[in-house]
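Q: Quick one: structure below, then a few questions.
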Amino acid sequence: MDINLELYKVFYYVATTLSFSEASRQLFISQSAVSQAVKNLEKKLGHTLFVRSTKRVILTPEGELLLQHVKPALSMLNEGEAALSGEGNLTGQLRIGASDTLCRYFLIPYLRRFHKDHPDVRIKIINSTSIGCAELLENGQAELIVTNYPNSRLSSHTKLQTVLEFRDIFVANPDYFSMGRKPLSLEALLNYPILMLAPKSTTSEYLHQVFAAQD
């Protein structure tokens, strides 16, 4: 099937931004040209790739499947062009999604080292919860995320790398709660008020699942 690579490139920008106007801005072409390119690609493939409405654009299942293949293909082409450019120095922008805690207590030293080794790479940190970071990665709004795990928003095709293991603990003020010195079961903890992070966080999501299993 003979399909112009530029059609796939336009599809990629629309699929990762979920916006025809934003894709137009990033590609430096008119919005009508973006729309026409998507229509041509859909016609050649014989599948609808986007569901369009006045308020939003979403990928169809066929569009999501195509994006899984187009994204790494374009990435490899960009890497090839960089390798042929001469010196092979890394350039461009690296978008990293991370929460406040992970960024402050884990990521910053690595960012300093990376910037020292690759000064021509612009680093953009996008602040969000771990679940929000997974959505950034899935939508193509970040190339890398640092997140707590398990994370329900991470898709099955996401490549994972464990970089640090830690343990969460419960903390209580003995002036208000006479719990004694013996370990408490999760079931016993249900009798106490518990403060935790917002629902859209991996810690809160995980604890809700654990406590639900005790009922």
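Q: What percent of all Cα-Cα pairs in the chain falls into each 10 Å bin, going from 0 up to the bin containing the maximum distance?
A: Calculated over all Cα pairs of the chain, the distribution is 7, 24, 27, 21, 12, 7, 2, 0 percent.
Q: How tilted is helix 5-17 with respect to the longest principal axis of the chain? Cα atoms for both, answer in degrees (0 to 90, nearest 10).
A: 30
Q: Right, another one. Please list, in chain and number order, the residues 5+ apart from GLY97 or on another chain whose amide H is under 5 Å from its amide H, with Hs placed from the backbone.
A: For GLY97, whose amide H was placed from the backbone, the distant partners under 5 Å are ILE126, LEU144, ILE145, VAL146.
Q: Quote the FRET efficiency, to the nearest 0.05, computed for LYS9 versus GLN161 with a Förster distance R0 of 30 Å and r equal to the Cβ-Cβ distance. Present the calculation step by step, with values, prior to reporting the outcome.
A: Values: r = 28 Å, r/R0 = 0.95.
So the FRET efficiency works out to roughly 0.60.
Q: Right, another one. Compute the separation of the alpha-carbon centres of the range 142-215 and the range 55-121 and state it in Å as a whole number.
A: 29
Q: Also, I was wondering about something else. In a Debye calculation with equal point scatterers on the alpha-carbon sites of the range 1-90 and no solvent, what is log10 I(q)/I(0) at q = 0.16, 0.18, 0.25 Å⁻¹?
A: Here the Debye-derived log intensity ratios amount to -0.66, -0.80, -1.32.
Q: Anything over 23 Å Cα to Cα? Flag those among LYS71/LYS124; LYS71/LYS200; LYS39/LYS124; LYS9/LYS116; LYS124/LYS159, in the order listed. Don't skip to the end; give the middle numbers.
A: Working: LYS71/LYS124 20 Å; LYS71/LYS200 27 Å; LYS39/LYS124 33 Å; LYS9/LYS116 32 Å; LYS124/LYS159 21 Å.
With Cα atoms farther than 23 Å apart: LYS71/LYS200; LYS39/LYS124; LYS9/LYS116.
Q: With only Lys, Arg, Asp and Glu charged, each at its Cβ (+1 for the first two, -1 for the last two), find how big the charge dipole of the chain is about the Cα centre; round to the nearest 20 debye. Intermediate results must be reported in sequence, preceding the final value.
A: On the way: 22 positive and 21 negative charges, 73 e Å.
So the magnitude is around 360 debye.
Q: In terms of Cα to Cα distance under 17 Å, which lysines are near enough to LYS182, apart from those fewer than 8 places away along the same chain?
A: none
Q: Still on this structure: Could you compute the FRET efficiency for HIS69 and PHE211, with r as their C-beta to C-beta distance and R0 at 41 Å, rounded to 0.05?
A: On the way: r = 40 Å, r/R0 = 0.98.
Taking R0 as 41 Å, the efficiency between HIS69 and PHE211 is 0.50.
Q: How much mean residue ellipticity at 222 nm does the chain get from its helices, if each DSSP H run of length 4 or more adds -39500 (n - 2.57) and you divide by all residues, to the nearest 500 deg cm²/dmol?
A: Values: 8 runs with 94 residues, N = 215.
The helix-only estimate for the chain comes to -13500 deg cm²/dmol at 222 nm.
Q: Tell me whether the range 119-170 comes out rounded, prolate or oblate; compute the Cα gyration tensor, take square roots of the eigenvalues as a ≥ b ≥ c, and use a/c under 1.5 as the rounded threshold.
A: Prolate is the answer for the range 119-170, as a/c is 1.5 or above and a/b outweighs b/c.
Taken together, the values in this text are just the output of simple stated rules run on the coordinates, not laboratory data. Keep in mind that this is a model prediction, so the values were computed, not measured. All Cβ positions, glycine included, derive from the backbone under ideal geometry; neighbour counts span all protein chains shown.
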